[in-house]
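A quick write-up on the structure given underneath.
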């Protein structure tokens, strides 16, 4: 063979470079032109080219960066054939079953590292040419061509990717909307890898107000390679044969932490290039930094909002509100800040629990009580707050409301109750929400404890400590309010007959027991229709709201008849009864006076009887 043909070959190869170097499709067109040269000069009809990437030769195909990577050849498998020469016949690579055989030509870069592999038909003309010294110049020329083409392809694709990366990064730093950042990330991945399926796997404290495909990261259910990428912050790949795909897990990380995983699914036989992994990593890092900035911005505003919420709530709760008003206000604050489906307040007594009427109606139902029992059992075992992302994963029982937070109400480190919120959606409450509610309830605990203490103190003031009947001061206010708001009422005043003799004969302790026994009768008879009070000493009073004088007389007769049968030693009472209605120009002081007058009339007429006050004629 004429060795001078190497010069025209070089000229033709130079033409290939000139025609393809500025062509964006040069990653595959150049080889079609090279095959024409091989056919023209060496009668080669069959040829394939393999790109070297990460210790593997990958077959060049049309649009190869997105196509399946077929017929990959490992460098370690063929390295021994090229120790002392750059072309050789490798038996196990001869897949075309050509009569003349196949030859593999190794192309190297300037540092003598593998660049690519040309596998072609071993024709007589080629064999003749390969015996000349010009073959080395030929291989060198093709190697130079491939290097130039590779550099051009790399720069072209890099320009496209970095333009894409620049545009998406520009968008990232022009917004603090987490939803837009997540959407921009997926759009950028879709543009760079249009044939791949991508999904975001986010940590559960991310804002979920976004329409992009995502799922929450769960250590217990994620694939090991995904968990490894999340924990280590490094890219991992997995051959997921059970899913029929290869997975690329790219950590979405900022400077302060990892916020999730960008996961791409490709065909099983696809191999990611170093450049593709680098781009995916840069994109995910840019997204992670943008998410971090958005989170920090949101957190700073949230902290201000949280402090305002706690300050507003604490200020309001310290305004001497009633307990129910206090809990109603707290209900509104919890609903506004956390948007739960259900809100409850439960107080724990020695052997039972009481659900406040300020709670959602759901907690007053049997279904609601199941959640309360669950929380009560928890607080019986430990003092810590309860934060559950998915209740159904912790219990054999199926719950409709899967997200739960319960914060204890404490008095001197003793749990006296708790606040509970529920939502049907699992992982609905973030950890930040849990910490805020914890702080809010802890700040509210003191005000609630003080309110309960005020109620107890007021009850002590309002009630007589011996009989547990209301005190006279409370009775005065109660009757005065009734005379302003009601249509009518009846006041009964009674005195225990011969009570001094009982004390002198049996002792004051027995006298006290008699007072308690009579008080018990009065409390049972007045429940729901009025109140009983200790007027002073052995004098007791009853006020019946909205009763006519006739109804009051009937009730008085029942009380006066019950007392001798339910006291030991048996005693009787003398009773004065006085009624009023809205047409009377009667003050509550006159009402008391009139009943007192009637009572003394009963005592002066033989005791153990009642008298009704009759106004003197005008």
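Nothing in this text is a laboratory measurement; each read-out follows from the coordinates by a stated rule. Bear in mind the structure is a predicted one, so any value in this text is a computation, not a measurement. With ideal geometry, Cβ positions are generated from the backbone for all residues, glycine too; neighbour counts draw on all protein chains shown.
Observations, loosely collected:
- Computed FRET value (nearest 0.05) for residue 354 with residue 14, which takes r as the C-beta separation and R₀ as 60 Å: 0.05
- Residues residue 609 and residue 506, FRET efficiency given R0 of 22 Å [Cβ-Cβ distance, rounded to 0.05]: 0.40
- For segment 337-376, the residues whose amide N sits under 18 Å from a probe point set 7 Å from the Cα of residue 400 along the beta carbon direction are 340-345, 359-375.
- Förster radius 41 Å - calculated FRET efficiency between residue 232 and residue 110, Cβ distance, rounded to 0.05: 0.70
- Gained length - residue 472 relative to residue 550, 0.36 nm times residue gap less alpha-carbon distance: 25.6 nm
- Mean separation of Cα contacts under 8 Å (6+ apart) over length of segment 383-453, as relative contact order %: 30
- Packing-based ranking of 281-288, 228-235 yields 281-288, 228-235, ordered from highest to lowest mean Cβ neighbour count within 10 Å.
- Averaged over residues, the count of other Cβ atoms within 10 Å places the peptides 106-119, 489-502 in the sequence 489-502, 106-119, highest first.
- Ordering of 568-579, 266-277 by packing [mean C-beta count within 10 Å, highest first]: 568-579, 266-277
- Additional length obtainable on full extension of the chain from residue 241 to residue 584, 0.36 nm per residue less Cα span: 114.1 nm
- Stretching the chain fully between residue 364 and residue 265 yields a gain of 30.7 nm (0.36 nm per residue, less the alpha carbon separation).
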